[in-house]
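**Q** Mind having a look at this structure? Questions to follow.
The values are calculated or read from the model by the stated rules, or taken from the named source; none is laboratory data. Keep in mind that what you see is a predicted model, and the values were worked out from it rather than measured. Glycine also receives a Cβ, built like all others from the backbone with ideal geometry; neighbour counts cover every protein chain displayed. Accessible surface is based on the protein model in full, side chains and every heavy atom, while ligands, DNA and RNA are left aside. Shrake-Rupley method; radii C 1.70, N 1.55, O 1.52, S 1.80 Å.
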Amino acid sequence: TPEQGGHMAAGAAPSAGLEEETGGISLHSLSYEQLMQLKNSIEEELQGLQGAHQQLQVSTKKLQISKAALDELTKTSEGTRMLVPITSSLYVPGETSALQSCLVDVGTGYYIEKSVAEAQAFMDRKIELMANQTVGVRQAAAIKGQHMQQAMQVLNEKRFAAKQG
């Protein structure tokens, strides 16, 4: 399928990409009910891709905020007073000290102590990885959108034909 790295040939028929998903069966040979099932399936996949896209955007934004906070903290002079969050609604007074290292969330509840430079490089790599994944999800969603249009076109043709006949 296109999400797995396949793509539609330049001279392919409009429903060629969707025919790959239906096992090489022409959309016109499917019954109205089968086309409705296919349409519903594509809608579900599109919703999943949209959810993945939103989650990637949220995660990327969180990493960018963390990276900016680390950058700001490294520029802060030692002894600067600030409020330190204990929970989302509880803060305690604190002072900055020389920043040698920090704990980095590497996923699934694991934290690793890294130097500031290593932490920044780690976040840069994660941001780039998520940007690449976002592009892939967007491309997959665009292909699914084309498939949806193709299925809807055939559905509308079948509706029109049923009204005529």
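**Q** Once both axes come from the Cα atoms, what is the angle between helix 116-164 and the longest principal axis of the chain, in degrees from 0 to 90, rounded to 10?
**A** It is inclined by approximately 20 degrees.
**Q** Full-extension gain between residue 97 and residue 116, please, as 0.36 nm times their residue separation minus the C-alpha to C-alpha distance.
**A** 5.5 nm
**Q** Just the number, please: carbon plus sulfur as a percent of the accessible area of segment 29-99, 1.4 Å probe, no ligands or DNA/RNA counted.
**A** Of all accessible area on segment 29-99, carbon and sulfur atoms account for 54 percent.
**Q** Give me the log10 of I(q) over I(0) for the chain at q = 0.11, 0.12, 0.14, 0.17 Å⁻¹, as the Debye formula computes it from C-alpha points; what are the numbers?
**A** Log-scaled intensity ratios, in q order: -0.66, -0.71, -0.82, -1.04.
**Q** Still on this structure: Keeping every protein chain present and rolling a 1.4 Å probe, give me the accessible area per residue for the chain in Å².
**A** 67 Å²
**Q** Farthest toward the dipole's positive end in segment 118-165, which of 134, 150, 161, given Cβ charges of +1 (Lys, Arg) and -1 (Asp, Glu) about the Cα centre?
**A** Among 134, 150, 161, the one farthest towards the positive end of the dipole of segment 118-165 is 161.
**Q** Here is a further query. Using heavy-atom solvent-accessible surface (probe 1.4 Å) with all chains present, what is the largest-first order of 155, 38?
**A** Listed by decreasing accessible area, they come as 38, 155.
**Q** Any chance you could look up the accessible area of residue 42 with a 1.4 Å probe, heavy atoms only, rounded to 10 Å²?
**A** For residue 42, the solvent-accessible surface is approximately 0 Å².
**Q** Enumerate lysine pairs in the chain that are 8 or more residues apart or on different chains, then count those whose Cα atoms are under 20 Å apart.
**A** Final tally of qualifying lysine pairs is 10.
**Q** By how many degrees, 0 to 90 and rounded to 10, does the Cα axis of helix 32-75 deviate from the longest principal axis of the chain?
**A** Taking the Cα atoms of the chain, the angle to 32-75 is about 20 degrees.
**Q** While we're looking at this one, here's another question. At a 1.4 Å probe radius, which order do 88, 26 fall into by accessible area, largest first?
**A** Listed by decreasing accessible area, they come as 88, 26.
**Q** Considering the Cα positions of segment 107-147, please state its Rg to one decimal place and its Dmax as a whole number of Å.
**A** When restricted to the Cα atoms of segment 107-147, Rg and Dmax are 15.4, 48 Å.
**Q** Show that you can apply the helix-only estimate: for the chain, add -39,500 (n - 2.57) for every DSSP H stretch of four or more residues, divide by all residues, and state [θ] at 222 nm to the nearest 500.
**A** -22000 deg cm²/dmol
**Q** Please give the contour-minus-distance gain from residue 61 to residue 152: 0.36 nm per residue of separation, less the Cα-Cα distance, rounded to one decimal in nm.
**A** 29.2 nm
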